[in-house]
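Undergrad: Provided herewith is a single structure, encoded as structure tokens, for subsequent inquiry.
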Amino acid sequence: MGSERSSKLVSVLAFGAAAFLIACLSILDMYLPRPYDGVILDPDRSELVVRAVAPGSGAAAASIQPGDRIAGIGRQVVRTPPEAAQAISRHRIGERVPYLLERNGSLFETDVELGPSRLGDPYYLYYCGSGFLFFFIGLYVLLQRPDSSQGAPGRVFFALCTLFLLFLVCRLRPASYSWIDGVVLNTGTLSLLVLPAAFLHFFLVFPRRLRLAVVNPAEPMEGSGGRLLRAAESFVNESPNFFRLLYLLPPLFFVVTLALGELFSVRLRLVSGAPISSWVLMGDYLVLGLLALLGSMLQAEEGRERRQIATVFIGTVVGVTPFLLLGVVFPSLLRTDRYLFWGVVPLALVPLTFAYAIVRFQFFDIRVIVRRSLLYTVATALVAGIYGVSIAAFNLLFRGSSVGSSPYFTLLLVLAVIAVFDPLRRRLQEPVDRFFFREVYDARRAIEEVSDAVVREFSLERLEALLATRLSEIMHLEWAALYCREGARLTSQSAAPPLPREFSADLLLATELARKDEPVRPGMLEPIKALDPRSRRVLEQLTQAGARLLVPLRSREQLHAVLALGPKRSEEEFGRDDLQLVRTLANQGAVALENARLLRERTHQLELEKELEIARRVQFSLIPAHLPAPPGWQVAARCVPARQVGGDFYDALDGHGDGEVALVVGDVSGKSVAGAMLMVAAREVLHTAALGGATPEQLFQVANQRLYTPRHRLFVALTYLLLEPAGAGRYALAGQPAPLLRKRGGEVVEMPAPQHRLPIGALKDVRWDVLPLRVEPGDLLLLYSDGVTDARDPGGRFFGEERLARVLAGAHGDAASVVAEVMGAVEAFTAGGEPYDDITMVAVRWTGR
């Protein structure tokens, strides 16, 4: 996009340079000293017809009159201006040359004394002055604003001014005999055909693209007529071919008119080289351009911008209306262009109005740049003068000495002077800014201080005060509001009615701002209104409050906040320096807001980790470190949560007979805090039911009734094991894996699974089966949660039941040693990675003693 914009800028500058050279060539041709008879030809006639005679010339003395046709010069028949120019060039200034003329159908001969060329009359000088006034104002606007905005008004304005230069200097010049005359006049005619299109184009994109609104987007348009209107509106507003058509239509109309005239042998009335029909089309374009400018003024924001456009509108109307009347209407009705000069005279008001707007209203953000550039140029000239004087003084001082005659003396002297005075040149900028641009200088220094403070600030409240309240004070704004992103909303504490207090971050408005790297004027977001009604309401609220700029605070394509700036108390528009300061502050603010958000998230994370650590301590305080064991039994257990807190647990239930111990291994749905809370609830339910003397079947029924919640679908997987004397017992399963039995000889088998084994809380009406247990001395029973078999290695493979059986078969020692060896095997398998699920194991061994 940047290279394309640069190529367009180079192209329009090349066009301007070519037009400038042609205009200079036209002026030079008017004042070159050469033999001239004083005849001014009619440029709209193919024959050598006299249009006027220069007063005091040889033609005037020879009584040549307007309307005469020149048939011969110096005994040579001439039919075209080049032939006449060639005939005159054979003679000298002061020589009398016979002319053959035709007047009212009769031929006669008269002698004409050739004098020096005096084609350039005061009228033409005025045309030239007006043309170059257009050109230089357009060039200055182009160089100061090479169009980063949509529509490129700077480039179009320069093209418009250049076409005015060609029209005024090349088309309105008196016709001569020279070959230059044909080139210049044809160029002027071409500029005349393109000029109205450039005029309309400029006022369609100034100060921003004016969009045609014929169809209401909220109303459905059916039928071919509705579709045609929508297509026409889209073509005018969106298609780049619309402007190409604007430029193509006048030349095409001109060519077609001439072709039809030749085809039907109709002699067309030409005015300044163009048919009257082309002038009528030109008038239509000019009127449409004025209407477009009026529409922009009516749609402009209140205050200074409307006054800017109004100034240009008044100057354009006053300058163009006489031209339309005397240059278009009169030639069409009266078939004469004798009043054209008085229509051209007010045209100078158009560039003068722009010049006034530049100086008075800082139009195109140029006034400060002009003053500063001039001051810096003067300062640089002073320093350069000091350089020169210093070098001259040293040369004079060492003249004639061996040092002065050295070939290296001048080089070393220049380097020394630069080393001394170059820091002075660089330091001149700050005093110049401070003295001549005190307000801008103070604002910039204050913004720099705010930027430094913003980077060190991590409080959202104080950041909002710095970015909104303090900025409003520094730039003397009516108001400023910062909308910070909070989840899916952009909210502001500093916004006062009629500003919105918040709006959604998913609006097309927010999405568009998130793509912008610079402050945006609300008017540039007008197309969004037709696409998103919610964005339209927000934009209308901002516009009613007088918003002048919307500044996105973003980093890495993420929108952190939007800074809305109201009008200045001085009613001035935001200049280039203002935009640069705001952009700098926005970049710093985006970094500060991101840092504040990260700090807040980190603080929240630390608080959560602290709370999780407390919950972990509470949870593990509820899980007994050692489980009771009936006579002849060994019991060992281990619980490792996948996170700081988990949903697995083991426990021993009270309320059973002498010599009996009921053990449970539970795994609740969910992990972290939610799982831990459900674990505590399940543990309390089980203990309460066991203290009430419930049988294993009753215990499961009571727990299911208490924990069943159809809305949240929470459940508990449970293994219940009742250890009795003499190596006997009972067990039940509710969603847990079947225990593994390692026999005394090392063989590992899976205990039979009950028929009914749904988790507790899964369904409302469920029953569970309780199976008997009988072991031999030396047998070991392993109860475990699915976190053991679901443990994964770095490659994603599961630990699995077969691996668990092999590890269990090879484990030796008492119950505690077996638990430790199995847990070590799991940890080695996962290579120290974070557990995928909570891991719980309880091992019981019947010793027989």
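The values are calculated or read from the model by the stated rules, or taken from the named source; none is laboratory data. In this text, all values refer to a predicted model and were calculated from it rather than measured experimentally. Neighbour counts are summed over all protein chains in view; Cβ atoms, including those assigned to glycine, are modelled from backbone coordinates with ideal geometry. The accessibility values were calculated without ligands, DNA or RNA, using every heavy atom of the protein model including side chains. Shrake-Rupley method; radii C 1.70, N 1.55, O 1.52, S 1.80 Å.
Undergrad: Tell me, yes or no, whether the stretch 635-657 has at least one residue that is modelled with pLDDT under 85 and loosely packed, with under 15 Cβ neighbours inside 10 Å.
TA: Looking for residues that are modelled with pLDDT under 85 and loosely packed, with under 15 Cβ neighbours inside 10 Å, one finds at least one in the stretch 635-657, hence yes.
Undergrad: Within the stretch 523-556, track down each residue that is part of a helix (DSSP H, G or I), touching a residue at least 40 places away in the same chain (Cβ under 8 Å) and surrounded by 19 or more Cβ atoms within 10 Å (Cβ to Cβ).
TA: Scanning the stretch 523-556 gives a single hit, Leu542.
Undergrad: Next up: Can you report the number of residues in the stretch 724-783 which are of a type in the set (Val, Ile, Thr) and closer than 20 Å to Glu660 by Cβ? Break it down into steps so the answer makes sense when it comes.
TA: Keep residues of the stretch 724-783 that are of a type in the set (Val, Ile, Thr), which gives 748-749, 760, 766, 770, 775.
Now restrict to residues that are closer than 20 Å to Glu660 by Cβ: 770, 775.
Within the stretch 724-783, residues that are of a type in the set (Val, Ile, Thr) and closer than 20 Å to Glu660 by Cβ number 2.
Undergrad: Only one residue in Gly94, Gly129, Gly105, Gly154 is touching a helix residue (DSSP H, G or I) at 6+ places or on another chain (Cβ under 6 Å) and either of a type in the set (Gly, Ala, Ser) or at pLDDT below 80 (or both). Which one?
TA: Numbers: Gly94 fails: touching a helix residue (DSSP H, G or I) at 6+ places or on another chain (Cβ under 6 Å); Gly129 fails: touching a helix residue (DSSP H, G or I) at 6+ places or on another chain (Cβ under 6 Å); Gly105 fails: touching a helix residue (DSSP H, G or I) at 6+ places or on another chain (Cβ under 6 Å).
Answer to the selection: Gly154.
Undergrad: Quick test of your reading of the structure: Met679 fulfils all but one of (1) touching a strand residue (DSSP E or B) at 6+ places or on another chain (Cβ under 9 Å); (2) modelled with pLDDT under 85; (3) surrounded by fewer than 18 Cβ atoms within 10 Å (Cβ to Cβ). Name the failing condition by number.
TA: The number of the failed condition is (3).
Undergrad: In this structure, is Arg803 touching a helix residue (DSSP H, G or I) at 6+ places or on another chain (Cβ under 9 Å), under 18 Å from Glu697 (Cα atoms) and open to solvent by 70 Å² or more (accessible area, probe 1.4 Å)?
TA: Numbers: touching a helix residue (DSSP H, G or I) at 6+ places or on another chain (Cβ under 9 Å): yes; under 18 Å from Glu697 (Cα atoms): no; open to solvent by 70 Å² or more (accessible area, probe 1.4 Å): yes.
For Arg803, the condition - touching a helix residue (DSSP H, G or I) at 6+ places or on another chain (Cβ under 9 Å), under 18 Å from Glu697 (Cα atoms) and open to solvent by 70 Å² or more (accessible area, probe 1.4 Å) - is not met.
Undergrad: Could you tell me whether any residue of the stretch 159-182 is of a type in the set (D, E, K, R), modelled with pLDDT under 80, farther than 27 Å from Asp42 by Cα and open to solvent by 10 Å² or more (accessible area, probe 1.4 Å)?
TA: Of all residues in the stretch 159-182, those of a type in the set (D, E, K, R) come to 171, 173, 181.
Applying the additional criterion that residues be modelled with pLDDT under 80 yields 171, 173, 181.
Checking which are farther than 27 Å from Asp42 by Cα leaves us with none.
The answer is no, given that none of the residues of the stretch 159-182 is of a type in the set (D, E, K, R), modelled with pLDDT under 80, farther than 27 Å from Asp42 by Cα and open to solvent by 10 Å² or more (accessible area, probe 1.4 Å).
Undergrad: Against the condition open to solvent by less than 40 Å² (accessible area, probe 1.4 Å) and either under 12 Å from Leu290 (Cα atoms) or at pLDDT 75 or above (or both), how does Gly319 come out, does it pass? I'd like the intermediate steps shown before the answer.
TA: Details: open to solvent by less than 40 Å² (accessible area, probe 1.4 Å): yes; either under 12 Å from Leu290 (Cα atoms) or at pLDDT 75 or above (or both): yes.
So Gly319 passes the test.
Undergrad: Quick one: in the stretch 829-849, which of the residues that are hydrophobic (A, V, I, L, M, F, W, C) and modelled with pLDDT of 90 or more is farthest from Arg792 (Cα to Cα)? First the steps, then the outcome.
TA: If we filter the stretch 829-849 for residues that are hydrophobic (A, V, I, L, M, F, W, C), which is where we start, we get 829, 831, 839, 841-844, 846.
Those still in the list that are modelled with pLDDT of 90 or more too: 829, 841-844, 846.
Values: Phe829: 7, Met841: 17, Val842: 21, Ala843: 22, Val844: 26, Trp846: 32 Å.
In this case the residue turns out to be Trp846.
Undergrad: Is at least one residue of the stretch 77-86 closer than 30 Å to Pro346 by Cβ and either of a type outside the set (Lys, Arg) or outside any loop (DSSP other than H, G, I, E, B) (or both)? Steps first, answer last, please.
TA: Start the filter on the stretch 77-86 by keeping residues that are closer than 30 Å to Pro346 by Cβ, which leaves none.
No, because not a single residue in the stretch 77-86 is closer than 30 Å to Pro346 by Cβ and either of a type outside the set (Lys, Arg) or outside any loop (DSSP other than H, G, I, E, B) (or both).
Undergrad: While we're looking at this one, here's another question. I'm trying to understand the selection: among the residues of the stretch 22-64, which are more than 30 Å from Phe135 (Cβ to Cβ), small (Gly, Ala, Ser) and either assigned to a loop (DSSP other than H, G, I, E, B) or modelled with pLDDT under 80 (or both)?
TA: Gly38, Ser46, Gly56, Ser57, Ala62, Ser63
Undergrad: Of the conditions (1) aliphatic (A, V, I, L, M); (2) under 14 Å from Ala843 (Cα atoms); (3) surrounded by 20 or more Cβ atoms within 10 Å (Cβ to Cβ), Leu741 clears all except one; give me its number.
TA: (3)
Undergrad: While we're on this one: If a residue has to be more than 13 Å from the chain's Cα centre (by Cα) and farther than 25 Å from Gly575 by Cβ to count, how many in the stretch 509-551 make the cut?
TA: Residues that pass the stated criteria total 14.
Undergrad: Within the group Gly666, Gly727, Gly670, which residue is at positive phi and at pLDDT 85 or above?
TA: Going through Gly666, Gly727, Gly670 in turn, the sole match is Gly727.
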